[in-house]
Amino acid sequence: MKRALIFLTLCFLSPCLIAAPEVKVDELGRSMGGWKDSGGKAAKFEVSGSVYRCWRPEVSPTPIGGIFVSLRIDHLRGVFASDDHSSLEVTFDRDGNVVSARSSIALQGKKVTSDLIEGTGKLGASLVGMELAAKVGAEMVSSLSAKILRENIREPGRVSFPAVMQHQYNLLCLAVTIPVDELAGLEGEDQVDRNQSEERKAVTLKIEVPKK
């Protein structure tokens, strides 16, 4: 009886004993010029003449051994205008694959939220790693952009906000890694497959650090 209870306890706790993916926060910050804004809590960057601020991500574990990451990005509109605010929420499984993603933008108090895009089902069965992340990100931003267009937005910084959100999503996915101990346990063909699925590719949106 005692052995059975121990076995059941280990089965229940096993997902918690597996090292979860990690977010390389410093690497994420460097991709935007460094966490130099707001006392080291955020990074400020410029895209096509508009200025944005990205706050350090908030990371929490999921019950199945993955992580949930929340990222906030602001569109800085100047002294005499209210800033726009956005959020990006991405869940990764224990292998670093994207489980789901959702984004939202608040413009003048009105919140526009994308559909929840899930990297499961047929999509998850055919794609893994960065290919899956790219597909989920593209569908998420497509959903967000379609809803933004309905608001008849004309201000350049707002029009490009969905593209900035996708870029931040890409940078986040590039910064998520699997602990070395987990990779060390893979052998042979599994190791080759993992190396291929974890290839990191550069993204194209140009980010510049605003001049002081």
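The values are calculated or read from the model by the stated rules, or taken from the named source; none is laboratory data. As the structure is a prediction and not an experimental result, all values here were calculated from the model. Methodologically, a virtual Cβ is constructed for each residue, glycine included, from the backbone with ideal geometry; neighbour enumeration extends over all protein chains shown.
Is at least one residue of the range 101-110 in contact with a strand residue (DSSP E or B) (Cβ under 8 Å, 6 or more places away or on another chain), more than 24 Å from Arg150 (Cβ to Cβ) and at pLDDT 95 or above?
no
From (1) of a type outside the set (Gly, Ala, Ser); (2) closer than 24 Å to Glu46 by Cα; (3) without any contact (Cβ under 8 Å) to a residue 12 or more places away in the chain, pick out the condition that doesn't hold for Arg150.
(2)
Among the listed residues Val141, Val164, identify the single one that is in contact (Cβ under 8 Å) with a residue 40 or more places away in the chain, closer than 22 Å to Val23 by Cβ and in a helix (DSSP H, G or I). Break it down stepwise before answering.
Working: Val141 fails: in contact (Cβ under 8 Å) with a residue 40 or more places away in the chain.
Going through Val141, Val164 in turn, just one is in contact (Cβ under 8 Å) with a residue 40 or more places away in the chain, closer than 22 Å to Val23 by Cβ and in a helix (DSSP H, G or I): Val164.
When you check Ala106 against the structure, is it free of Cβ contacts under 8 Å to residues at least 40 places away in the same chain, surrounded by fewer than 21 Cβ atoms within 10 Å (Cβ to Cβ) and part of a strand (DSSP E or B), yes or no?
Values: free of Cβ contacts under 8 Å to residues at least 40 places away in the same chain: yes; surrounded by fewer than 21 Cβ atoms within 10 Å (Cβ to Cβ): yes; part of a strand (DSSP E or B): yes.
Considered against the rule, which asks whether it is free of Cβ contacts under 8 Å to residues at least 40 places away in the same chain, surrounded by fewer than 21 Cβ atoms within 10 Å (Cβ to Cβ) and part of a strand (DSSP E or B), Ala106 comes out as yes.
Counting only residues that are charged (D, E, K, R) and buried (at least 17 other Cβ atoms within 10 Å of the Cβ), how many does the range 53-64 have?
Count: 2.
Any residue that is part of a strand (DSSP E or B) and buried (at least 19 other Cβ atoms within 10 Å of the Cβ) - is there at least one of those in the range 121-136? Steps first, please.
From the range 121-136, those part of a strand (DSSP E or B) are none; that's our starting set.
Among the residues of the range 121-136, not one is part of a strand (DSSP E or B) and buried (at least 19 other Cβ atoms within 10 Å of the Cβ), which makes the answer no.
Pick out the one residue from Ser60, Ser114 that is polar (S, T, N, Q) and in contact with a helix residue (DSSP H, G or I) (Cβ under 8 Å, 6 or more places away or on another chain). Talk me through it step by step, then tell me what you get.
Details: Ser60 fails: in contact with a helix residue (DSSP H, G or I) (Cβ under 8 Å, 6 or more places away or on another chain).
The conditions single out Ser114.
Tally the residues that are more than 17 Å from Met165 (Cβ to Cβ) and either in contact (Cβ under 8 Å) with a residue 60 or more places away in the chain or basic (Lys, Arg) (or both), restricting the search to the range 68-92.
Counting residues in the range 68-92 that are more than 17 Å from Met165 (Cβ to Cβ) and either in contact (Cβ under 8 Å) with a residue 60 or more places away in the chain or basic (Lys, Arg) (or both) gives 1.
Please go through the range 65-89 and give me each residue that is under 18 Å from the mean Cα position of the chain (by Cα) and loosely packed, with under 15 Cβ neighbours inside 10 Å, ordered by number.
Selection gives Ser70 alone.
Has the range 171-179 got at least one residue that is at pLDDT 60 or above and of a type in the set (Ser, Thr, Tyr)?
As a first pass, look at the range 171-179 and keep what is at pLDDT 60 or above: 171-179.
Narrowing the set further to residues that are of a type in the set (Ser, Thr, Tyr) leaves 177.
Yes.
How many residues, within the range 37-52, are exposed (fewer than 15 other Cβ atoms within 10 Å of the Cβ) and on the phi < 0 side of the Ramachandran plot? Steps first, please.
Of the range 37-52, the ones exposed (fewer than 15 other Cβ atoms within 10 Å of the Cβ) are 38-41, 48-49.
If we keep only those that are on the phi < 0 side of the Ramachandran plot as well, we get 41.
Looking only at that region, the number is 1.
Just one of (1) modelled with pLDDT of 90 or more; (2) of a type in the set (Gly, Ala, Ser); (3) crowded, with 17+ Cβ neighbours inside 10 Å trips up Ala163, so point out which.
(3)
In contact with a helix residue (DSSP H, G or I) (Cβ under 9 Å, 6 or more places away or on another chain), over 21 Å from Ile148 (Cα atoms) and among the small types (Gly, Ala, Ser) - does that describe any residue in the range 43-52?
Scanning the range 43-52 turns up at least one residue that is in contact with a helix residue (DSSP H, G or I) (Cβ under 9 Å, 6 or more places away or on another chain), over 21 Å from Ile148 (Cα atoms) and among the small types (Gly, Ala, Ser).
A quick yes/no check of all residues on (1) modelled with pLDDT of 90 or more; (2) over 13 Å from the mean Cα position of the chain (by Cα):
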{"position": "Asp115", "(1), (2)": "yes, yes"}
{"position": "Thr120", "(1), (2)": "no, yes"}
{"position": "Ala138", "(1), (2)": "yes, no"}
{"position": "Gln168", "(1), (2)": "yes, no"}
